């Protein structure tokens, strides 16, 4: 979806240049736009809907987080259980983002640099986790490694614990964030083709060197973009992690799970304080995304 | 795109290439995909296939399951429809008009993608509770949103909005304005031009966005469970019922509901792919 097509910044450029220049008759512009009253009604409706459904919930997170002042806010964050949740979330995100970045590059290379039968099927399969409910993403790993699962008894005999422990949380997070890096790289690398790498290899470079010196510089912004989105989702994943975590306070609770527990215990302010960290991460991610999109010159259509 | 011409399947399954690493990277890709995605998903289907068809039918038609599925699919449909209408308004404002704060509005559309679902869930619940910013205004009118199906609808609208906007936006941006000019020059009124020239070109993108928003809403969990009230048969969504059955160790029920939902999302995925091809064909986009 995120193809670099000939995006024409049409209304902007036209609108700006139409007024000062004389040779463009004003009537010319009129026939392709709507009366001012229609225009401002549409804008007002859009702003109202966005304000009600997007801005208010976001603002509410921060308002509630600071509702009891700065001290209460900090107290909620330095609580030992909160700190343990933050540590676990950072650890899980680091492992799953690193894994999915490496694997995303490998998969994008295999898919885009060679011609083979079944390519579009493979791309669909890489995207598959996007179509799976988070709850089901957790459930499949319980069925694999849980006490009643396919490998459960063997794992128990050998003293391994995956479900209700951090390996299960990492697995579920890797599943949920599986497509993020690959799907940002694949359209771009398809468009760039493989002629530059072919030239490098023909001139004597090894495949690895061609990847490092040619491919990687070509895709660095798309890669960073994919990593960013992957990280935001990894830190914020709730449903899948909730199913495999077991909710042990201070041990297997990630930040989203800690938020849930606090909220269900009516510790609203503390809950929103932890939530505000994730909301802040979301805002930062979006800001970086806007900057990167300007650099990439394209827009990602779907996540 | 010509570099990606389909291989002649008759001779070989892949074409020889000067670039090394096909065997290694393709091997790792298939192994990784199988380990993380395909085998776990297959395990779910195998577990469900061990049940007799009668048992599967009985689980899916049990009132509580049936009501949960009905609620999830029904409300997701309504939420996607609401997003279709307001998504159209937002896309039109963002693509066709200049106004102060436009870039900010554009960036904010992605908030539901970026905000973790649990955070969205508690924020919406707090907002629509009787003492919340919006709930306090609605309570005197006798309108209860939080802990009712209406609350679920609000959460599903929230998470679905970017899918419609971000799918339609690039298509509308790329639309050739000469056609509109031609229509206007030939005497069509503005409304006729919008309806007869622009609308047909963006309908496939709107349908794709609708299907994406719907698919996401059906499986949504985190942003819904806080505001839902979770009353069995009334405000209990299907993903929550899966979690409940799992906690009760009723694995057969959990896997059967999960399989039903997965089959529905795969059908949707197929429909979305067909729609996207149609949309590309219609607008000449090659993305």
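If you scale each eigenvalue of the Cα gyration tensor by 5 and take the root, what three semi-axes come out for the range B:53-286, rounded to whole angstrom and sorted largest first? The partial results should precede the final answer.
Working: eigenvalues 271, 111, 38 Å².
Output for the range B:53-286: semi-axes of 37, 24, 14 Å.
Using the 10 angstrom Cβ neighbour count as an exposure proxy, how do B:72, B:279 rank, fewest first?
B:279, B:72
Going 7 Å from the Cα of residue B:271 along its beta-carbon direction, which residues of the range B:73-95 have the amide nitrogen within less than 11 Å of the resulting point?
Answer for the range B:73-95: B:77.
Most exposed first by the Cβ proxy, i.e. fewest other Cβ within 10 Å, how do B:261, B:26, A:107 rank?
B:26, B:261, A:107
For the range A:131-185, list log₁₀ I(q)/I(0) at each q in 0.14, 0.21, 0.27 Å⁻¹, using the Debye formula over Cα point scatterers of equal strength and ignoring solvent, two decimals each.
-0.41, -0.75, -1.02
For chain A, set up a GNM with springs between Cα atoms under 10 Å and report which of A:84, A:110, A:76 has the largest fluctuation.
A:110
Can you give me the distance in nm between label points at residue B:85 and residue B:263, each placed 7 Å from the Cα along the Cα-to-Cβ direction?
3.3
Summarise the partner chain shielding of A:188-201 as one whole number: the mean count of Cβ atoms from other chains within 10 Å of each residue's Cβ.
3
Using square roots of five times the C-alpha gyration tensor eigenvalues, list the equivalent-ellipsoid semi-axes of the range A:226-303 in whole Å, biggest first.
Each semi-axis is √(5λ); the values are 30, 14, 8 Å.
Please build a GNM for chain B, connecting alpha carbons under 10 Å apart, and tell me which residue among B:119, B:37, B:89 fluctuates the most.
Result: B:37 has the largest fluctuation of those listed.
When chain B is treated as a GNM, springs tying every alpha-carbon pair under 10 Å, which of B:256, B:61, B:125 comes out with the largest mean-square fluctuation?
B:61
For the pair residue A:63 and residue B:231, how long in nm is the line joining their label points, each one 7 Å along Cα→Cβ?
2.7
Taking Cα pairs under 8 Å and at least six residues apart, what relative contact order does the range B:53-286 come out at, in percent?
Over the range B:53-286, the number comes to 31 percent.
Kirkwood hydrodynamic radius of chain A from all distinct Cα pairs, in Å?
After inverting the mean inverse Cα-Cα distance, the result is 22.7 Å.
Computed FRET efficiency, Cβ-Cβ of residue A:102 and residue A:147, R0 22 Å: what is it to the nearest 0.05?
Computed FRET efficiency for residue A:102 and residue A:147: 0.10.
What is the distance in Å between the Cα centres of the range B:46-124 and the range A:212-261?
Measuring centre to centre over Cα atoms gives 21 Å.
Just order A:202-210, A:254-262 by mean Cβ neighbour count inside 10 Å, highest at the front, would you?
A:254-262, A:202-210
Tell me the label-point distance for the pair residue B:42, residue B:203, using the 7 Å Cα-to-Cβ offset, in nm and rounded to one decimal.
So the two model labels end up 4.2 nm from each other.
What would the Debye formula give as log10 I(q)/I(0) at q = 0.08 Å⁻¹ for the alpha-carbon point model of the protein assembly as shown, no solvent?
Values returned for q = 0.08 Å⁻¹ are -0.59.
Each value in this text was obtained by applying a stated rule to the coordinates, not by laboratory testing. Here the structure is a predicted model, which is why all the values come from computation and not from measurement. Cβ: placed from backbone, ideal geometry, glycine included. Neighbour counts: every protein chain shown.
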